[in-house]
Amino acid sequence: MTSPEDQSPEPRPSGPSEPPGSGIRDRVYRSSAGIAGGVLLLALVGWLGIDAIVAGEGRTPWLALATMILLVPLIVALTLRPAVYAGQDRMRVRNPFRVIVLPWGQIATLRSGYSNEVLTLAGTKFQLWSIPVSLRARKRANRRESRAAAGQDGRGGRTAGRGAFGGGRGGAAAADGSARAGADRAMDDLRELWEAREKEESAQGEVSVRWAWEILGPAAAGAVVLAILLAVG
């Protein structure tokens, strides 16, 4: 499994970098560590499950099949599925068991604490699963920013001179915000886009929430079959 430090999402723009509101396609934010962990878990479940189905005796193959039907959708939902799509007029949040579409005009704030969340004007709160917070990465980023700021204050022109020739990495990081944790940079991007688009007429509308029955249905079916097999004995 991955460490909490590696849980920072990588923003993956599907188009060129352009100013907010210029007609760009959706920016996609996903957790690379979550995807990697999900692939490894699916491989492990598939290996053990298929082995039990092929080599098992009696009820073992059926128990293995029911367990796989239960676990595979849950693993996909919790690791591979989460994503945030930030478009010109709205943000679409794909969480493990729901899909939330939020026009920019309906968002009250985007806030970061122990988790990253979006709060609507109606007071409803939704967590951004694909942008997990790593407190360890945030502390490390804060230390880097502090060292960069101290270096600029303490060395003055010497630091600035190295930065002008590409050698002052700390000062440049402090200036462009690259020293911040990955999740915080992703939230900064979302806030920038929200602030630029929230007043636009095309960014108004209603918040919609849809349950992910394509995940819940198979998982429920696997749970029912597994419960019946265990009850029958």
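The values are calculated or read from the model by the stated rules, or taken from the named source; none is laboratory data. Because the structure is a prediction, the values reported are computed rather than measured. All Cβ positions, glycine included, derive from the backbone under ideal geometry; neighbour counts span all protein chains shown. Areas reflect the complete protein model, heavy atoms only, side chains present, ligands, DNA and RNA absent. Shrake-Rupley method; radii C 1.70, N 1.55, O 1.52, S 1.80 Å.
Numerical summary
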{"read-out": "The stretch 220-229, residues that are open to solvent by less than 60 Å² (accessible area, probe 1.4 Å) and touching a helix residue (DSSP H, G or I) at 6+ places or on another chain (Cβ under 7 Å)", "value": "Ala221, Gly222, Ala223, Leu226, Leu229"}
{"read-out": "Among the residues listed as Thr79, Thr60, the single one being closer than 30 Å to Asp188 by Cα, without any contact (Cβ under 8 Å) to a residue 60 or more places away in the chain and among the polar types (S, T, N, Q)", "value": "Thr79"}
{"read-out": "Pairs with Cβ under 7 Å, 6+ apart, first in the stretch 189-218 and among the small types (Gly, Ala, Ser), second assigned to a loop (DSSP other than H, G, I, E, B)", "value": "Ala196/Pro20; Ala196/Gly21; Ser202/Asp89; Ala203/Asp89; Ala212/Phe97"}
{"read-out": "Given (1) out of contact with any strand residue (DSSP E or B) (no Cβ under 8 Å at 6 or more places or on another chain); (2) open to solvent by 10 Å² or more (accessible area, probe 1.4 Å), number of the condition Arg92 does not satisfy", "value": "(1)"}
{"read-out": "Among residues of the stretch 162-219, those that are open to solvent by 50 Å² or more (accessible area, probe 1.4 Å), of a type in the set (A, V, I, L, M, F, W, C), at pLDDT below 90 and not in a loop (DSSP other than H, G, I, E, B), counted", "value": "3"}
{"read-out": "Search result, residues across the stretch 98-124 that are outside any strand (DSSP E or B), surrounded by fewer than 18 Cβ atoms within 10 Å (Cβ to Cβ) and in contact (Cβ under 8 Å) with a residue 60 or more places away in the chain", "value": "Ala122, Thr124"}
